[in-house]
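Okay, so here's the structure we're looking at.
The values are calculated or read from the model by the stated rules, or taken from the named source; none is laboratory data. In this text, all values refer to a predicted model and were calculated from it rather than measured experimentally. FYI the Cβ positions are ideal-geometry reconstructions off the backbone, even for glycines, and counts take in every protein chain you see.
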């Protein structure tokens, strides 16, 4: 009996190992259909986040940055709870086990990144915010390379081509950009977001996406609560107008709940480096939204830069 028990245990362990290896292979080497879905999810997140820069800039003069970010994540947590609470409760032991990792991802992707973005909105334009954030894929690619992910010649060339387009776009045709003071906040935000995206590749496979998302939203709200209390004490609150409320709902529901879920899923399927190449479309999306919502015109030089970005994304996002 003891021999049979050991044999059965060994068989179970072998099966579990094979299942784990299969899940890992699926995650690291998605098929063409899965990769296509991953690219579309990254594109969805990029488009939605482009709108958030317009909303963030619109709130800059009426809502203090820390207060805007705090309520953003309160709204996001409420929005995702009906879909994620049950999974989070079932996986509460896993969440506790990986709390250190989740807290680190929350710090860079939720608390720090968004606070820097809203701070940048005080002193720079929405277009500049979108263009500078497009620098984050370079850092994502470097993180991925250090982590052992092969970039390949075509993806590297696509990344460099898109980066050149972004640099020329920011510099208005000159390879030496002229940054405003708030642009430095956006560079810090880009670095923080790239770090978050790199951390996503280390998310435990057994931890559900919705449970992870809700946990990061709740942790982010808790991290921001002390700074929120200080801001309210020193600066006072803000007037909740229909315009402000609408922008908070957009950044809370769409830019946080929907976009972060889509981005997290995209990175898990196609990797941070490849998703980062799609993220280069951010300046193009911001410019398009600026034209539709703000009436901003785009000149021939900007269109040429955007063509470089699109060509780079097309090369870098392929298998």
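General observations
- The listed residue being surrounded by 12 or more Cβ atoms within 10 Å (Cβ to Cβ) and within 22 Å of residue 54 (Cα to Cα), out of 238, 212: 238
- When the helices (runs of 4 or more DSSP H) confined to region 226-295 are screened for residues that are more than 23 Å from the chain's Cα centre (by Cα) and either over 28 Å from residue 37 (Cα atoms) or at pLDDT below 85 (or both), those reaching at least 2 such residues are found at 242-249.
- Residue within region 254-271 that is out of contact with any strand residue (DSSP E or B) (no Cβ under 9 Å at 6 or more places or on another chain) and loosely packed, with under 15 Cβ neighbours inside 10 Å present: no
- Residues considered: 151, 104, 94, 122. Of these, the only one that is in contact with a helix residue (DSSP H, G or I) (Cβ under 9 Å, 6 or more places away or on another chain), surrounded by fewer than 20 Cβ atoms within 10 Å (Cβ to Cβ), outside any helix (DSSP H, G or I) and at pLDDT 80 or above is 122.
- Only a single item in (1) at pLDDT 90 or above; (2) touching a helix residue (DSSP H, G or I) at 6+ places or on another chain (Cβ under 9 Å); (3) farther than 30 Å from residue 303 by Cβ is not met by residue 82, and it is number (2).
- Candidates 54, 63 - the one that is in a loop (DSSP other than H, G, I, E, B), buried (at least 19 other Cβ atoms within 10 Å of the Cβ) and out of contact with any strand residue (DSSP E or B) (no Cβ under 9 Å at 6 or more places or on another chain): 63
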